[in-house]
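Peer 1: The structure that follows is given in the form of structure tokens.
The values are calculated or read from the model by the stated rules, or taken from the named source; none is laboratory data. Please read these numbers as outputs of a predicted model, since none were measured by experiment. Note that we place each Cβ from the backbone using ideal geometry, even for glycine, and neighbour counts take in every protein chain shown. Note: areas computed on protein heavy atoms with side chains; ligands, DNA, RNA excluded. Shrake-Rupley method; radii C 1.70, N 1.55, O 1.52, S 1.80 Å.
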Amino acid sequence: MKLSVWQKLQVIRSNLLNSNTLSVAASQYIAVSIGFLNNLVLARILGPSEYGTVALVMAYPTLIWTFLSVKPMTVTAKYIAQFRTSKKPEKILGICQLSYGFDLFSAIITFIIVLVSGKWVVINIYQMQSLYWLTVGYSFYFLFVALVGTSQAILSSWNKFRWLSVFTIVSKAITFVLVLLGLLNNLGVPGVILGTLAGELLTGLAIFGIATYLMYREGMGFWWQSSFNQVTLISQEVSSLFSWNYLFVTLTGLTAQVPLMLLGRYRSVEEVGYYRLATSLVTASSYLEKAIGQVLYPTLCSRLVNEKWEKIRQSFKKLTLQRGIPLSLFLFLAILLIHPLLPKLFGNHYIPMIKGTQIMILATAIRTWFYWLNPCYYALGKIKLWTKGYSIYTACTLGLSWLVIPQAGFYGWSYIFSFSTIGFIVCMLWFLKNEA
């Protein structure tokens, strides 16, 4: 059948999106394979107790970073994509300066707070005073994390998904090698923390240099030579979106770190280890969803400049049927494989976490059906509505965690996670239908 010129253009456009999606997805799964191998080595060598100790060391600095970081990546990517479409390079530099500045300032304050208050936390909550200096040392990690988010936004807005793919793989590989060296030298928990810190230092500086070079090569110069005045015309919108995005990502961090700390306080470091490994597996199972969303988001931002919302919305049903549901089938298969494989890979010490992990991945599979939902809200600028919905989700999750974790531990928390996640997705679909 002979295709018209328009049909050929549509095929090319579709292939470009699929190529980008495939590149990002492949890198995510290579990275998750490296991460899985990293977790496998850690779980095997350290055992549930020391593996849980690593999670406790990381938890408090991460919690503080969650509160302080403005988390500008998604909002920055939205504006860069739109400013590139409308050919406003001076505003691209301005928004990058704002974004990098926010994250670096937050990282410095995070280190200071952990240095001052960390001892109280490890004594009164963990009851493990020996973890203080490791906790302080790990807080350096975020000085280099601060370089990554905006750099990734720059690369994705320029459609440099292959560059991002290489970075994703290399960053995981470097961290794995450094952590493994620490373990092979019998450094134990300190070796894991130092290896993780060194890996982020190298990869953070690398992607920062790549993003800076890309903008310089495009004739824009260096972002630090720009001025905040470049974004004054959209200052109110920038402030609003950054504020709501900050609240959303803060809530995301709370739902991840607070249950872990509660398990450490009321249960045991072994259950912290179960939680850490289970959430790592759930995160791995959601990488393909995130990869496709990462490619879809800048595309939606650009389309909304020139196309009507109704036309775009009509494509979501097709995306759900053709991509969302087939992707979720892989996760249902993973649920069946966890029972026989997890003890063989990680050891019999982890058998008590099998059912809870299966329950969590089930919720992730259902969420994957609607992988376009979060990118859609952000592209539409409806971060406020998304965050309000997530605030209710967080309140329910954490409120129930305080009640359930002391009695039922990790297994009870897995039910909280699953029912809350499914309820949140259903509510946000309903809001989008009525608000957009």
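Peer 1: Which value, in Å², gives the accessible area per residue of segment 307-401 when a 1.4 Å probe is used on the protein heavy atoms?
Peer 2: Per residue, segment 307-401 has 48 Å² of solvent-accessible surface.
Peer 1: Under a point spin-label approximation (7 Å from Cα along Cα-to-Cβ), what is the residue 305-residue 330 distance to one decimal in nm?
Peer 2: Placing both labels 7 Å along Cα→Cβ, they lie 3.1 nm apart.
Peer 1: If you don't mind, there's one more thing I want to ask. Which length gain, in nm to one decimal place, applies between residue 41 and residue 166 when the Cα-Cα distance is subtracted from 0.36 nm times their residue separation?
Peer 2: That pair, residue 41 and residue 166, stretches by 42.7 nm at full extension.
Peer 1: With the alpha-carbon atoms as the only input, what is the per residue convex hull volume for segment 258-367 in Å³?
Peer 2: Dividing the Cα hull volume of segment 258-367 by its residue count gives 116 Å³.
Peer 1: Just how large is the dipole of the chain about the Cα centre, in debye to the nearest 20, putting +1 at every Lys and Arg Cβ and -1 at every Asp and Glu Cβ?
Peer 2: I would put it at about 1380 debye.
Peer 1: Based solely on its DSSP helices, what 222 nm [θ] is calculated for the chain when runs of n ≥ 4 H residues each add -39,500 (n - 2.57) and the sum is averaged over all residues, nearest 500 deg cm²/dmol?
Peer 2: Result for the chain: -29500 deg cm²/dmol, rounded to the nearest 500.
Peer 1: Over the chain, with every protein chain in place, what whole percent of the accessible area is carbon and sulfur at 1.4 Å, could you tell me?
Peer 2: Summing carbon and sulfur atoms, their accessible area is 66 percent of the total for the chain.
Peer 1: Another question about this same structure. Once you put a point 7 Å from the Cα of residue 108 and another 7 Å from the Cα of residue 205, both along the Cβ direction, what distance in nm separates them?
Peer 2: Spacing of the two 7 Å Cα→Cβ label points: 1.9 nm.
Peer 1: Provide the solvent-accessible area of residue 180, counting protein heavy atoms only and rolling a 1.4 Å probe, rounded to the nearest 10 Å².
Peer 2: For residue 180, the solvent-accessible surface is approximately 50 Å².
Peer 1: Tell me the angle of helix 161-184 to the major Cα principal axis of the chain, expressed in degrees between 0 and 90 and rounded to the nearest ten.
Peer 2: 10 degrees
Peer 1: Of the peptides 358-364, 394-400, how do they stack up when ordered by the mean number of other Cβ atoms within 10 Å, highest first?
Peer 2: 358-364, 394-400
Peer 1: Taking 51 Å as R0, compute the FRET efficiency from the Cβ-Cβ separation of residue 348 and residue 395 and round it to 0.05.
Peer 2: Efficiency, rounded to the nearest 0.05: 0.85.
Peer 1: Subtracting the Cα-Cα distance from 0.36 nm times the residue separation, let me have the gained length for residue 402 to residue 316 in nm, one decimal.
Peer 2: Extra length available between residue 402 and residue 316 comes to 27.2 nm.
Peer 1: How much accessible area per residue does segment 95-199 have, counting only protein heavy atoms and a probe of 1.4 Å, in square angstrom?
Peer 2: Accessible area per residue: 42 Å².
Peer 1: For the chain, evaluate the Debye formula with one uniform point scatterer on each Cα (no solvent term) and list log10 I(q)/I(0) at q = 0.06 Å⁻¹, rounded to two decimals.
Peer 2: Calculated log10 I(q)/I(0) at the listed q: -0.25.
Peer 1: Taking 0.36 nm per intervening residue step and subtracting the Cα-Cα distance, what contour gain separates residue 216 from residue 49 on full extension?
Peer 2: Taking 0.36 nm per residue and subtracting the Cα distance, the gain is 55.3 nm.
Peer 1: Quick one: angle between helix 188-217 and the longest Cα principal axis of the chain, in degrees between 0 and 90, rounded to 10, please.
Peer 2: Approximately 10 degrees, to the nearest 10.
Peer 1: Let me ask something else. What shape does segment 279-436 have by the C-alpha gyration tensor, where a ≥ b ≥ c are the square roots of the eigenvalues, rounded means a/c under 1.5, and otherwise prolate means a/b greater than b/c and oblate the rest?
Peer 2: oblate
Peer 1: Here is a follow-up. Taking the highest mean first, how do the peptides 365-375, 295-305 order by number of other beta carbon atoms within 10 angstrom per residue?
Peer 2: Averaged packing, sorted descending, gives the order 365-375, 295-305.
Peer 1: Ok, one more. R0 = 51 Å: FRET efficiency of residue 120 with residue 337, Cβ-based, nearest 0.05?
Peer 2: The formula returns an efficiency of 0.75 here.
Peer 1: Taking 8 Å as the Cα distance limit and 6 or more residues as the minimum spacing, I'd like the relative contact order of the chain as a percentage.
Peer 2: 23 percent
Peer 1: Could you give the angle, 0 to 90 degrees to the nearest 10, between helix 89-124's Cα long axis and the longest principal axis of the Cα atoms of the chain?
Peer 2: The helix 89-124 is inclined about 10 degrees to the chain.
Peer 1: Students often check this: by mean Cβ neighbours within 10 Å, which of 148-154, 203-209, 171-177 ranks highest, and how do the rest follow?
Peer 2: The peptides rank, most packed first, as 148-154, 171-177, 203-209.
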